[in-house]
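Chemist: Dropping a structure here in structure tokens format, bear with me for questions.
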Amino acid sequence: MSSTNNNEPPFEDKLSAWLDDELSPSQRAEIESWLREHPDDAARVRLWAADRDAMRARLGPVADEPVPTRLEQVVWAHAPTIASTGWQRIAAGIAVFAFGAALGAGAMWRWGGGGDAGSAEVRWEQRALAAHAVYVPEVRHPVEVAVAAPTPEASRAQEEHLVRWLTKRVERPVKLFDLRAHGFELVGGRLLPDDRGPCAQLMYQRIGEANPQRVTVYLRKPDANTPAAFRYERQGDLGMFYWVEGSTGYSLVGALPRDQLLQLAESIYKQVQP
């Protein structure tokens, strides 16, 4: 691979190996140096990690299940009749695995919103859900810029820095919302990649809890077909309200009952109003 001073990007297989911790220490250090010098590419790699972790969370339990008997029968019906020995049986086994992987990929594609007329809108929903699922469990690094500081003045300085940084990167006004009346305080925020350019994620957590419950607000440039009025979706334990106000699309995600999540969404909506 090229040296870290070279602007040529590493091959994607190297980046993938870095994500999977499959590089030697020297190769890993070289990749990390290159990513520090190329923040946009680093954001793209973080998105790969988010997609990978979301896929594992969504499909991991299925991967541990035995291959369904009917699926085995389909593969064996198309395998050579003498495939009971040697490499032919191994090849048939690989076919079962590949077929199962294809089914899993198809499920992820549908979950990710590909292949239908509303895919742009669904893609936004699923990116917001995936980003929430990846970063909310983090203990040490849930956000890139944290606002907690030893003094109120230092906290305000961190908040101002976060607003300036995200506003500049996503090229639209970013506002920090006060949700303390509903029992949530700001943790901080991070920059994320999106199919329409950089977007932002703000994270809030319940005040005073040892293992606080968290919600996230995802801000991005909206698609043309995104409705302005509130829309609600649910994926398992996660609920989400999303809407458009001005030039920004908002998505609020959390493992809360619909009515509690709606109260937070309405509070955010009111604070966005001029």
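Chemist: Of the conditions (1) at pLDDT 95 or above; (2) among the aromatic types (Phe, Trp, Tyr); (3) surrounded by fewer than 19 Cβ atoms within 10 Å (Cβ to Cβ), Phe177 fails just one. Which one is it?
Modeler: Tallying (1) at pLDDT 95 or above; (2) among the aromatic types (Phe, Trp, Tyr); (3) surrounded by fewer than 19 Cβ atoms within 10 Å (Cβ to Cβ), Phe177 fails exactly one: (3).
Chemist: Could you tell me which residue of the stretch 5-45 is nearest to Leu192 (Cα to Cα), considering only residues that are among the small types (Gly, Ala, Ser) and modelled with pLDDT of 70 or more?
Modeler: The extreme case among them is Ala42.
Chemist: Are any residues in the stretch 219-266 open to solvent by less than 50 Å² (accessible area, probe 1.4 Å), modelled with pLDDT of 90 or more and not in a strand (DSSP E or B), and if so, which ones?
Modeler: If the condition is that a residue be open to solvent by less than 50 Å² (accessible area, probe 1.4 Å), modelled with pLDDT of 90 or more and not in a strand (DSSP E or B), then Ala255, Leu256, Leu261, Leu262, Leu264, Ala265 are the ones that fit.
Chemist: Still on this model: Just checking, how many residues over the stretch 131-148 are within 24 Å of Gly239 (Cβ to Cβ) and either touching a residue at least 12 places away in the same chain (Cβ under 8 Å) or open to solvent by less than 40 Å² (accessible area, probe 1.4 Å) (or both)?
Modeler: The total comes to 8.
Chemist: Please count how many residues of the stretch 18-27 are without any contact (Cβ under 8 Å) to a residue 24 or more places away in the chain, open to solvent by less than 70 Å² (accessible area, probe 1.4 Å) and closer than 30 Å to Leu166 by Cβ.
Modeler: 1
Chemist: Sticking with this structure for a sec: Restricting attention to the stretch 149-158, does a residue exist that is open to solvent by 70 Å² or more (accessible area, probe 1.4 Å), at pLDDT 90 or above and closer than 24 Å to Met240 by Cα?
Modeler: For the stretch 149-158, residues open to solvent by 70 Å² or more (accessible area, probe 1.4 Å), at pLDDT 90 or above and closer than 24 Å to Met240 by Cα: absent.
Chemist: Does Tyr269 fit the bill of being part of a strand (DSSP E or B), among the hydroxyl-bearing types (Ser, Thr, Tyr) and at negative phi?
Modeler: Taking the combined requirement at face value, the residue does not satisfy it.
The values are calculated or read from the model by the stated rules, or taken from the named source; none is laboratory data. Keep in mind that this is a model prediction, so the values were computed, not measured. No Cβ is skipped: glycine too gets one built from the backbone with ideal geometry, and neighbour counts run over all protein chains shown. In case anyone asks, the SASA skips ligands and DNA or RNA and just uses the protein heavy atoms, side chains included. Shrake-Rupley method; radii C 1.70, N 1.55, O 1.52, S 1.80 Å.
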